Number of protein chains: 2
Amino acid sequence: MARTGRRPGESGSREAILDAARTAFGERGFNDASVRDIAGRAGVDAALVHHFYGTKEQLFAAAMRLPVDLAVAIPALLEGGVGGLGERVVGFFLAAFEAGGEQNTLLALLRSAASHERSATMVREFVTKAVLGPVAASLDRPDPELRASLVGSQLIGLAMMRYVVKVEPLASADPRTVVAAVAPTIQRYLTGDLG
Amino acid sequence: MARTGRRPGESGSREAILDAARTAFGERGFNDASVRDIAGRAGVDAALVHHFYGTKEQLFAAAMRLPVDLAVAIPALLEGGVGGLGERVVGFFLAAFEAGGEQNTLLALLRSAASHERSATMVREFVTKAVLGPVAASLDRPDPELRASLVGSQLIGLAMMRYVVKVEPLASADPRTVVAAVAPTIQRYLTGDLG
């Protein structure tokens with residue numbers, strides 16, 4: 001490792017950063033783990049972490065091998081405007097879980113979140129800060145944090161029922177059926193009148 | 001105990017039944033545990049279990065010391081008719097979790113469900129079979145099971161975010177704010193067009 005004076009190759013540094021990130025996120029959660037700390041654990045400079053992986057959100061996605069590129073996904077969710085936003089969010093969410101079948105790391109992370117409080121905190125902080133927060137904040141509606149947490153409550157409940165505890169008929173329903181049923185909920189939480 | 005030939009008093013039998021029920025539900029889940037099995041474990045007749053506690057749903061509620069009398073609650077949810085049903089369901093759900101503060105057994109059960117898959121199955125089976133199923137079935141709309149599982153997905157996600165992982169501002173929001181925000185979702189899942 002770099003700390004002992006031997007300089008690893010680029011792929012060695014990349015792997016060391018991902019290992020350090022998994023450890024740090026697992027121990028401290030998404031919010032409290034810092035890029036500086038992760039760099040220190042990996043024996044590299046924080047600038048190199050940013051150079052290889054971008055933001056902390058992107059580093060988390062890489063470390064957890066999420067089948068999602070947030071730098072592409074979030075602008076894509078928003079660029080169609082407010083109409084159909086609920087549909088795009090639910091469709092994106094289902095696709096992220098359903099890509100790659102049982103090998104999907106997001107699915108593994110969710111299963112682990114169902115039984116380990118620390119994993120649950122990590123997933124929740126990541127989903128809220130990295131995905132729902134930016135989407136809600138960009139909409140210029142009152143109470144963006146409340147909106148983001150309402151969206152999170154529906155999506156996390158949906159994922160638990162469909163993928164973890166597998167309640168029928170939700171578990172086996174066609175993704176289009178699920179999107180049609182749940183999209184108006186997400187649309188209203190993001191853009192509608194909350195009462 | 002009755003099995004050894006000594007006849008316990010009524011309160012001894014009642015406690016033995018509740019103990020046996022907690023063990024049986026914990027081991028086999030809500031659906032697979034039977035009143036006959038619970039009676040056998042408690043050394044009493046199944047008829048006595050029904051005499052003391054009513055249905056399996058009511059026995060579960062008693063064993064888990066749920067702050068809810070289902071025989072009263074479900075008809076009360078339905079008797080106001082379809083209008084305002086979403087509001088009554090969400091209000092009932094929040095009240096059941098918030099009565100009694102940290103001593104609330106429903107809250108304890110939910111926390112345990114977040115970390116133990118067996119508890120999660122038990123809670124989910126109970127909520128779906130004993131509460132949401134009867135409500136959805138009574139409405140005479142297409143796809144009652146899908147409706148019940150969609151309602152379950154929103155309510156379980158809400159309970160996780162508000163009471164277990166405590167995401168703000170949802171965790172501290174006034175119950176009226178939460179009811180106003182979530183009731184239209186539940187109303188649409190129960191009675192609306194699912195697309």
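The values are calculated or read from the model by the stated rules, or taken from the named source; none is laboratory data. Quick caveat, the model's predicted, so the values are computed rather than measured. As a convention, Cβ positions derive from the backbone with ideal geometry for all residues, glycine included, and neighbour counts pool all protein chains shown. The accessibility values were calculated without ligands, DNA or RNA, using every heavy atom of the protein model including side chains. Shrake-Rupley method; radii C 1.70, N 1.55, O 1.52, S 1.80 Å.
Per-residue mean of foreign Cβ neighbours for A:48-55 is 0 (Cβ atoms of other chains, 10 Å radius).
Which angle between 0 and 90 degrees, to the nearest 10, do you get for helix A:117-126 versus the longest principal axis of chain A when only C-alpha atoms count? Helix A:117-126 sits at roughly 80 degrees to that axis. Extending 7 Å from Cα along the Cβ direction at residue A:36 and again at residue B:34 yields two label points whose distance is 6.4 nm. Placing A:150, A:78 in order of accessible area, with the largest value first and a 1.4 Å probe, yields A:78, A:150. Here is the P(r) of the stretch A:48-128: all C-alpha pair distances, binned every 10 Å from 0, give 16, 44, 33, 6 in whole percents. Computed across chain B, the Kirkwood hydrodynamic radius from all distinct Cα-Cα pairs reaches 17.8 Å. Chain A contacts chain B over a buried accessible area of about 2700 Å², both sides summed; the probe is 1.4 Å and only protein chains count.
Counting only residues at least eight positions apart within a chain, or on another chain, the lysines with an alpha carbon under 22 Å from that of residue A:56 are A:129.
Looking only at B:59, B:139, B:107, which one moves most when chain B is put into a Gaussian network model with springs between Cα atoms under 10 Å? With Cα springs under 10 Å in chain B, the top fluctuation among B:59, B:139, B:107 is at B:139. With a 10 Å cut-off around each Cβ of B:182-189, the average count of Cβ atoms from other chains is 4.
Nonpolar atom fraction for the stretch B:81-195, defined as the carbon and sulfur part of the 1.4 Å probe accessible area, stands at 57 percent.
Calculated accessible area for chain B comes out at 45 Å² per residue, all protein chains present (probe 1.4 Å; ligands, DNA, RNA ignored). All Cα-Cα separations within the stretch A:5-84 were binned at 5 Å from zero, giving a P(r) of 3, 15, 25, 21, 14, 10, 6, 4, 2, 1, 0, 0, each value a whole percent of the pairs. Shortest first, residue B:10 label-point distances to identical copies amount to 8.2 nm, with the label point at 7 Å from Cα along Cα→Cβ. In units of the rule-of-thumb radius 2.2 N^0.38 Å, the protein assembly as shown shows an alpha carbon radius of gyration of 1.11. When only Cα pairs below 8 angstrom with a gap of at least 6 residues are kept, chain A shows a relative contact order of 21 percent. List the trypsin sites (Lys or Arg not before Pro) in the stretch B:94-195 that DSSP assigns to loop (not H, G, I, E or B) and whose Cβ has at most 15 other Cβ atoms within 10 Å. Which are they? Listed in order of number, the matching sites are B:166.
Label sites at residue B:55 and residue A:105, each approximated as a point 7 angstrom past Cα along Cα to Cβ, lie 4.6 nm apart.
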